[in-house]
1. Could you go through region A:238-249 and let me know if any residue there is closer than 15 Å to A:Leu274 by Cβ, away from chain B (no Cβ under 14 Å) and either assigned to a helix (DSSP H, G or I) or in contact with a strand residue (DSSP E or B) (Cβ under 9 Å, 6 or more places away or on another chain) (or both).
2. State all residues of region C:52-87 that are more than 20 Å from the chain's Cα centre (by Cα) and either under 18 Å from C:Pro218 (Cα atoms) or in the same structural domain as C:Leu208 (by TED's automatic domain parsing) (or both); if no residue qualifies, say none.
3. When only residues in region C:266-301 that are in contact with a Gly (Cβ under 7 Å, 6 or more places away or on another chain) and not aliphatic (A, V, I, L, M) count, which is surrounded by the fewest Cβ atoms within 10 Å (Cβ to Cβ)?
4. Take region A:270-280 and flag every residue that is out of contact with any Lys or Arg (no Cβ under 9 Å at 6 or more places or on another chain) and either farther than 22 Å from A:Pro218 by Cα or of a type in the set (Ser, Thr, Tyr) (or both).
5. Across region C:141-153, what is the number of residues that are assigned to a loop (DSSP other than H, G, I, E, B) and either crowded, with 22+ Cβ neighbours inside 10 Å or in contact with a Gly (Cβ under 7 Å, 6 or more places away or on another chain) (or both)?
6. Output yes when any residue across region D:170-184 is modelled with pLDDT of 95 or more, under 18 Å from D:Ile28 (Cβ atoms) and not small (Gly, Ala, Ser), and no when none is.
7. For A:Asn111, which of the numbered conditions (1) within 22 Å of A:Arg213 (Cα to Cα); (2) out of contact with any Lys or Arg (no Cβ under 9 Å at 6 or more places or on another chain); (3) not aliphatic (A, V, I, L, M) fails to hold?
8. Take region B:205-237 and flag every residue that is of a type outside the set (Phe, Trp, Tyr), within 14 Å of chain A (Cβ to nearest Cβ) and in contact with a strand residue (DSSP E or B) (Cβ under 8 Å, 6 or more places away or on another chain).
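The values are calculated or read from the model by the stated rules, or taken from the named source; none is laboratory data. Since the model is a prediction, treat every value here as computed from it, not as a measurement. Heads up, the Cβs are rebuilt from the backbone with ideal geometry, glycines too, and the neighbour counts pull from every protein chain shown.
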Number of protein chains: 4
Amino acid sequence: MDLQPVLDGIVAALAPLAGAEGKVADYIPALACISPQHLGLALRTCEGAASQAGEGAQPFSVQSISKVFTLTLAMRHLDERELWQRIGVEPSGTAFNSLVQLEFEGGKPRNPFINAGAIAVADRLVSVYGQAGAKAALLALVSDLCGEPVVFDEAVAASEAATGFRNMAMCNFMKGFGQIDNAVEAVLDVYFHQCALRMSCVQLARALGYLCRDGAHPLRGSEQVVSERQARRINALMLTCGTYDAAGEFAYRIGLPCKSGVGGGIVAVMPDRLTLAVWSPPLDEAGNSLLGQVALEQFVSRTGLSVF
Amino acid sequence: MDLQPVLDGIVAALAPLAGAEGKVADYIPALACISPQHLGLALRTCEGAASQAGEGAQPFSVQSISKVFTLTLAMRHLDERELWQRIGVEPSGTAFNSLVQLEFEGGKPRNPFINAGAIAVADRLVSVYGQAGAKAALLALVSDLCGEPVVFDEAVAASEAATGFRNMAMCNFMKGFGQIDNAVEAVLDVYFHQCALRMSCVQLARALGYLCRDGAHPLRGSEQVVSERQARRINALMLTCGTYDAAGEFAYRIGLPCKSGVGGGIVAVMPDRLTLAVWSPPLDEAGNSLLGQVALEQFVSRTGLSVF
Amino acid sequence: MDLQPVLDGIVAALAPLAGAEGKVADYIPALACISPQHLGLALRTCEGAASQAGEGAQPFSVQSISKVFTLTLAMRHLDERELWQRIGVEPSGTAFNSLVQLEFEGGKPRNPFINAGAIAVADRLVSVYGQAGAKAALLALVSDLCGEPVVFDEAVAASEAATGFRNMAMCNFMKGFGQIDNAVEAVLDVYFHQCALRMSCVQLARALGYLCRDGAHPLRGSEQVVSERQARRINALMLTCGTYDAAGEFAYRIGLPCKSGVGGGIVAVMPDRLTLAVWSPPLDEAGNSLLGQVALEQFVSRTGLSVF
Amino acid sequence: MDLQPVLDGIVAALAPLAGAEGKVADYIPALACISPQHLGLALRTCEGAASQAGEGAQPFSVQSISKVFTLTLAMRHLDERELWQRIGVEPSGTAFNSLVQLEFEGGKPRNPFINAGAIAVADRLVSVYGQAGAKAALLALVSDLCGEPVVFDEAVAASEAATGFRNMAMCNFMKGFGQIDNAVEAVLDVYFHQCALRMSCVQLARALGYLCRDGAHPLRGSEQVVSERQARRINALMLTCGTYDAAGEFAYRIGLPCKSGVGGGIVAVMPDRLTLAVWSPPLDEAGNSLLGQVALEQFVSRTGLSVF
């Protein structure tokens, strides 16, 4: 099945709607000034065939999509027991930045894809690599998966740090429960940088190719980024927890493991077939790209792809 | 792949552990007196090949597994908008019988597989069929799917009714929010009866065969029980919400859509391949069969099956 | 100090505002049809001097003010330990009809003045007196304190029963936690009747006279309704828990133990001085009489009375 | 009534129990190393008569009792509307350091005596005085009220700062809601210092003498520390919110406005009569001095004092 016409058809159908509804994330200036009319798609199959449409090659702030990369790093360096001792694998049933669940559950975040969970993963990475090392390791991993250099947008990272009171609250709260080993500043420095990764849909579809290839490196197939079993588990976490408090809605309507970011990007994985990335900045109330979801719905409807 | 040896191997491996850990549901006498040592498995492929092992043919109280059947009935008779107006599709992040979420969200249950959601579905069915009609329609559907008569265990239904204070609380609570149209007694009569369906693993694997067959009737393939799209959506709901507050754990460890009941049964679906049912009464703290989960883990490990 | 001019002055000042703001309770027809313009005050000193102004002699539905009488009955017949085993003495920090706190605290209501707590008190009374006996004992107590017959408004009681889904939810919820001994129907019959007591400000000020007289009977001073210590404790509970989730505001602005009802009545106690009752049906968002609070503020401002 | 024998009698009765039950606060070393056997009492009447017993003259860390002083400072310099815009006056119904309420109520603390509320008060003081100025103004006020210099225990303040992750979480959380105007570090510096005030029971009973004297300065009666109305309101807040999630229990059992600290001190006020301070380090589960409460109960029982 040639998927280029599918992507082109989606862009043709949705371009007139770009920017019409939803609200671009505005909690930091660097995100608030993005045009709501951007629309990009890109996919890459297991076999390495790549397609893109619209602004698929335009880099943007991947924000929470980076949580998949940091989880991957953590899974590569920590055994299962160690990793999941301080982070759960359950949907939270609350907003991505809620502290209520933390208070009721002893400071243990429900999963690695809510902010608190990603901060806990960052703490694990600081323990393994140190503060500077964790940032370097993340860039190295993502650049290697892309086959080209990927960098942090330092202006975005600085802006996140300057306004990230709720994330500071969360990290201190977990630390108060004894769930964070390193200094709050070091952990959040890593966290704020990971949020500031700047990538295009093309790069995301390529870099996260190991999730549709049973863990195999997207560019060097004989090398495992993670094991087959780990790749499946990351996909499972994306499906149950990857899109904030709308994971059920995504599973129901789209039926693919997805991870979204407030920059307006969403990555979806169809195991053994392809990885797909979409980008449209305006968000719905749950914090997921509004038109991105429509694009994914049209994609699964036109291709019949679904894990179910 | 011949799956009979897989089932036999699982029974051989787990039989020595049957009843060793966990706790049989004891909130009603009819469940409390079940031997913790029962162990049964059964599966049926899309093509109709059936296997079973242990006490796969022994009937037991399916309890919440019946929520899949009542949701199916509701989907057949209500349009999407009407059905989901009063019931969500998100994981709850709380115990299956929590009232907290209802209070914070205006009496709208998070999904059709927590108790509150199933009670809301029962209310929809009473509106469509009447009280007696809803029970009759449920038996008719399940019997037709099984190809043999299925009945309610009236002693269990009476026992549920006599002790179901929390379910009465939930139904009254939702009614206070204007989310229940019919009399509380009528709605709960249907709900308590559906919990009292008595079926074996063999029957469950057969009856829920439409979920691995894109909605096609398990015995009459040219007939759709629900549409392909609806079957996928039921599977999605099972994966994100089917096992109480352990759906993430199930997705992570087992990777198949599952629905459990406190009778100790669990049904799992591998789309386009098979439907599988396991039964072992002792439960873990989340209310899911302890050995049932181990059996499912062994099954996916031995067969490599997973939606991810 | 002659208090008649104080009451007259308050009525003169507030009469023009009667009915202008707030919202009459409308969850049952019998309350919804009350004119918002009623305004009544009455007080009775420790020495037995009585004053009234406006519609002080007009009976109305006392609703939750009755919780003081049922608590008094329970304190007379149960020892402290027995009584407080299932009911707390802390402010709830949530709305009067919330179920959240019950779920987190094992079905034990925070205090006897939120609905759940009053239902728990009613259960204790049914255990002591039986269902019919509890209602009879309540009428006997209140009539004796008033020195004239007081009755239930059966239409209000029936209306409460017909629409009291949330109270039914609460009672079943507590029963599910094992915190209610008697049948839900019997307990709620007592509760719905107590809410339907019909009394005037004059009667309330007289009947609750024992709270400003260290427990001494308002009409027969040598007889204790409750002990001095018990009277103080009821006053303490009124101050910390008597006005739903606005007890802090009342303590701060008015500085007297108060108990309010959604019929628009509020009773206030100045120990060793007087008991005061006000009535104005329109309520604020917390469920307390809007003008009733203003009347109490003016009263304490003009008299300088305060427990603080 | 000569109160010296009352204090002596309480010390005689309780000294044998000192240190037997409860747990000294151990979250910072400076508190953890305090002997659990300290026991002190002191009171001062409206007329200026002072009594003490046991270690009444021994200074200790007043911790949260200081929240009364900072609230007093804020009331002196801000009008009512300005002060209560960001802080409520209701009991919280939760632990003193809970973040749940903040999340549900937009970052506005329920009252000035829970930690979040005191941090919000500190923010107001920093706006009025600046960071250094706020600390200086607090010392000046307390020293003036005592008639002798009072200082911060800098070791305790440093220790609070080094381990105060939950307070840092709270302050950042409120700042994220736009409820804190100044830098988190400045606000917490003031807050951690106020917790580290070091005073004896004798000093506390003297300094808080304005609360039993309708606001009049304890040493210079013609001068108002706060107005009569403000003094009553502080007393009201102490009664409804001064002892964490045990305010109802205190009102019920003791019947006086009280403010406690985790250093083991409790101050109680009987308006128009006296201010009383007790000190015994071991705490109950709510964080209030265990023996301190017993001492207060004995005091009110022996003297018959109560606001109710």
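1. no
2. C:Ala53, C:Gly54
3. C:Asp284
4. A:Ser280
5. 1
6. Yes, region D:170-184 has at least one match.
7. (1)
8. In the first step, residues of region B:205-237 are kept if they are of a type outside the set (Phe, Trp, Tyr); the result is B:205-209, B:211-237.
Next cut, within 14 Å of chain A (Cβ to nearest Cβ) only: B:208, B:211-215, B:226-237.
Within region B:205-237, B:Leu208, B:Leu211, B:Cys212, B:Gly215, B:Asn235 qualify.
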